[in-house]
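A.B. asks: Let me begin by handing over the structure; questions about it come next.
Computed from the coordinates by the stated procedures, all read-outs in this text should not be read as laboratory data. Bear in mind the structure is a predicted one, so any value in this text is a computation, not a measurement. Here the Cβ positions follow ideal geometry from the backbone for every residue, glycine too, while neighbour counts run over all protein chains shown.
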Amino acid sequence: MSDGLTVHTYAPEAALGDDGSADLTGSAFYYDFVVPDCYLMAERVLGDLPVVPEWMPVALGEPPAEFDRSAFGDRIAQQHLQPLRWPAPWPWDPKPALLAATYAKSIGRAVPFSLAAFRQAYAGGRDLSDTDTVLIAAAANEMHPRAVLKALELRSVATALSSATENARAIGVSQLPALRVGSAIFTGPDAIQAAGAAMLEQGSP
């Protein structure tokens, strides 16, 4: 195993559904807006994987205690993304954006909303704890501001985010970003390549 990749599998009993069965099919991308590397992976999963995984916003991220912004900017340039504008202030509370992403997921817009939010943060230098920033990302995807503001206060949305977070933790997701293909979870710089190979091998839907 290379230094750029961590792989582990979770036991079926860790992911039991309500009927006692385990869903080990498909694929998922786990992310939190406050983790800069999640932005880089988010920009790659659509083009660099053979199938699009389910996007799963989870409240598992921790802002890095030490972070090389210059190196991060270089990695952004290598991916031909918009130049880095580091968010100010930093770190911010990602919960409003995570709640909005959870709501967006429920209406089939998790991918475009999350990409817009990441870009607001790391290309626009905006604070994702600011509701106005969240609404800008939502507006770019035709999500009505009133609906988004209401969603930020709904217990059902908060419960959905909490459940997704606990489910991710239960199957062994402890580092973000992470990709799951079947029962295998991939993290680290080489996760995209390894997950893509696993998708092709397993024919992951």
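A.B. asks: I'd like the antiparallel share, as a percent to the nearest 5, of DSSP beta bridges with both residues in the chain.
C.D. replies: Values: 13 of 17 bridges.
The answer is about 75 percent antiparallel.
A.B. asks: To continue, here is another question. Can you tell which of P91, P145, P64 shows the greatest fluctuation in a Gaussian network model of the chain with Cα springs below 10 Å?
C.D. replies: Of P91, P145, P64, the most mobile in the Gaussian network model is P64.
A.B. asks: Given charges of +1 on the Cβ of Lys and Arg and -1 on the Cβ of Asp and Glu, with all other atoms neutral, how large is the dipole of the chain about its Cα centre, in debye to the nearest 20?
C.D. replies: Values: 14 positive and 23 negative charges, 122 e Å.
Roughly 580 debye, rounded to the nearest 20.
A.B. asks: Which whole-Hz ³J(HN,Hα) couplings does region 80-93 yield from phi under the Karplus relation 6.51 cos²θ - 1.76 cosθ + 1.60, θ = phi - 60°, glycine and proline marked x?
C.D. replies: Those phi angles translate into 6, 9, 4, x, 5, 10, 5, x, 10, x, 9, x, 10, 7 Hz.
A.B. asks: Which helices, taking whole DSSP H runs in the chain, have alpha carbons extending 20 angstrom or more along the helix axis plus mean Kyte-Doolittle at least -0.5? Before the final figure, lay out each step's value.
C.D. replies: Numbers: long enough: 155-170 (22 Å, -0.18).
What comes out of the filter, once short or polar helices are dropped, is 155-170.
A.B. asks: Tell me which residues come under 5 Å, amide H to amide H, from A178 once H is placed; ignore anything under 5 positions away on its chain.
C.D. replies: Y30
A.B. asks: How far, in nm, would the chain grow between R146 and Q78 when pulled straight, counting 0.36 nm per residue and subtracting the alpha carbon separation? Intermediate values should be presented prior to the final figure.
C.D. replies: Numbers: separation 68, 0.36 × 68 = 24.48 nm, distance 3.79 nm.
My answer for the length gained is 20.7 nm.
A.B. asks: Skipping prolines and chain starts, which residues have an amide H placed within reach, meaning under 5 Å, of the one on W55, given they are 5 or more residues away or on another chain?
C.D. replies: F29
A.B. asks: With unit charges on the beta carbons (Lys and Arg positive, Asp and Glu negative) and the dipole taken about the Cα centre of region 6-202, which residue among P89, I185, G47 sits farthest to the positive side?
C.D. replies: Value computed over the given set: P89.
A.B. asks: Using r as the Cβ-Cβ distance of D93 and L46, and R0 as 35 Å, what FRET efficiency do you calculate, to the nearest 0.05? Display every interim value, and only then the final one.
C.D. replies: Details: r = 27 Å, r/R0 = 0.77.
Computed FRET efficiency for D93 and L46 comes out at 0.85.
A.B. asks: At a 10 Å Cβ-Cβ cut-off, how would you order L46, L60, fewest neighbours first? Before the final figure, lay out the partial values.
C.D. replies: On the way: L46 13, L60 21.
So the residues, fewest neighbours to most, are L46, L60.
A.B. asks: Give me the percent relative contact order of region 6-202, please, defined on Cα pairs under 8 angstrom at least 6 residues apart. Don't jump to the answer; show the numbers that get you there.
C.D. replies: On the way: 306 pairs, mean separation 65.5, N = 197.
In percent, rounded to a whole number, it is 33.
A.B. asks: Next up: Which residue, M143, M41, M56, tops the fluctuation ranking in a GNM of the chain built on C-alpha contacts under 10 Å?
C.D. replies: M143
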